[in-house]
Amino acid sequence: MSPISQAPGSSIAARLEDCVFAIRKRVGIAPRVGLVLGSGLGAFAETLEDLVKFPYRDLPHMAESSVAGHDGNLCFGTVAGVAVVCMQGRVHLYEGHSVDRVVQGVRTMARLGVGCVLVTNAAGGLHESWSAGDLMVVTDHLNLTGTSPLIGPNDDSIGPRFSDMTNAYDPQIRRKLVEVAREAHLPLHQGVYAGLLGPQYETPAEVRMLRGLGADAVGMSTVLEVIALRHMGVRVGALSCITNLAAGISDQPIAHAEVEATARRRRPEIVTLISGWIARVAQSL
């Protein structure tokens, strides 16, 4: 199928309705839980039962990712009987997309009626005691991208002009991730995620700055998606796979291929954690 033409001048609400209409014509699943699967983590979508998959290019206003490890599919299916929608990969600001394009996927999941979304990412660790492959539940974030999906005229049908971010990362969702990890004997850090523009990795001086600001991990995604979801009233959790130690902490060069390889290595544990979390969080929706 050829890419669907875009309407950059249309409103956020109109673009969402276009996308939701196209999805509902093709799939009858009403998802209760949403997932955003970051670098190297997209394979979780392949574990869904009754999997239905749509390439982003076949959906209105959804941009395609150009980054390795981001397959670019919207996937529907079930986990332990719970209806789920997954973004198998995401797009980023550094690819040249507008902020609205970056958050179109999560806004679409919100419009589909999900009760909560778990956003995952690959991140650099900012603590010498951490190791590549560690997992971290995000407790808060620093938005250092220099922008926000809420800039511009506000559509009150989407969300309020000024969104409260006090509990951007829902405490109950975090607690359920911790409970599942404890029962599965999976070590799990908790900490603050700093979202930067990228695509270059941080310098040692920037890493020292981030540690001084209170960050525990750093990456190039997540924060804009979380802001957009909270604006629409959706509960959010986030999980980082620490795929490398940041510059100045590790003496090894940082490469995207290593980031993907580390995420793939932790795939079984991540599948266990996310699957258990979905079954548990669905009880409170």
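The values are calculated or read from the model by the stated rules, or taken from the named source; none is laboratory data. Quantities reported herein were computed from a predicted structural model and do not represent experimental measurements. Reconstructed Cβ throughout: ideal geometry from the backbone, glycine too, with neighbour counts over all protein chains shown.
For the range 91-109, indicate whether the set of residues that are among the aliphatic types (A, V, I, L, M), out of contact with any strand residue (DSSP E or B) (no Cβ under 6 Å at 6 or more places or on another chain), modelled with pLDDT of 90 or more and not in a helix (DSSP H, G or I) is non-empty. Walk me through how you get there before you give the answer.
Initial filter on the range 91-109 (among the aliphatic types (A, V, I, L, M)): 91, 93, 99, 102-103, 106, 109.
So of that shortlist, the ones also out of contact with any strand residue (DSSP E or B) (no Cβ under 6 Å at 6 or more places or on another chain) come out as 91, 93, 99, 102-103, 106.
Going one step further and asking which of them are modelled with pLDDT of 90 or more, we end up with 91, 93, 99, 102-103, 106.
Now drop any that are not not in a helix (DSSP H, G or I), which leaves 91.
Scanning the range 91-109 turns up at least one residue that is among the aliphatic types (A, V, I, L, M), out of contact with any strand residue (DSSP E or B) (no Cβ under 6 Å at 6 or more places or on another chain), modelled with pLDDT of 90 or more and not in a helix (DSSP H, G or I).
A single member of R265, R230 is among the basic types (K, R), touching a residue at least 40 places away in the same chain (Cβ under 8 Å) and surrounded by fewer than 16 Cβ atoms within 10 Å (Cβ to Cβ), and it is R265.
Only residues that are of a type in the set (S, T, Y) and either farther than 21 Å from V102 by Cβ or loosely packed, with under 12 Cβ neighbours inside 10 Å (or both) were counted across the range 171-215, and they come to 1.
Within the range 24-35, identify whether any single residue is surrounded by fewer than 21 Cβ atoms within 10 Å (Cβ to Cβ), of a type outside the set (D, E, K, R) and without any contact (Cβ under 8 Å) to a residue 24 or more places away in the chain, and answer yes or no. Checking the range 24-35: at least one residue is surrounded by fewer than 21 Cβ atoms within 10 Å (Cβ to Cβ), of a type outside the set (D, E, K, R) and without any contact (Cβ under 8 Å) to a residue 24 or more places away in the chain. For the range 169-185, the criterion of being closer than 30 Å to S10 by Cβ, of a type in the set (A, V, I, L, M) and either in contact with a Gly (Cβ under 7 Å, 6 or more places away or on another chain) or touching a residue at least 24 places away in the same chain (Cβ under 8 Å) (or both) is met by none of the residues. Where helices (runs of 4 or more DSSP H) sit wholly within the range 167-270, those with at least 1 residues that are at pLDDT below 95, more than 19 Å from the chain's Cα centre (by Cα) and under 23 Å from E128 (Cβ atoms) occupy 204-213, 256-265. Within the range 126-149, does at least one residue satisfy the condition of being farther than 24 Å from V259 by Cα, surrounded by fewer than 22 Cβ atoms within 10 Å (Cβ to Cβ) and in contact (Cβ under 8 Å) with a residue 60 or more places away in the chain? Scanning the range 126-149, I find at least one residue that is farther than 24 Å from V259 by Cα, surrounded by fewer than 22 Cβ atoms within 10 Å (Cβ to Cβ) and in contact (Cβ under 8 Å) with a residue 60 or more places away in the chain, so the answer is yes.
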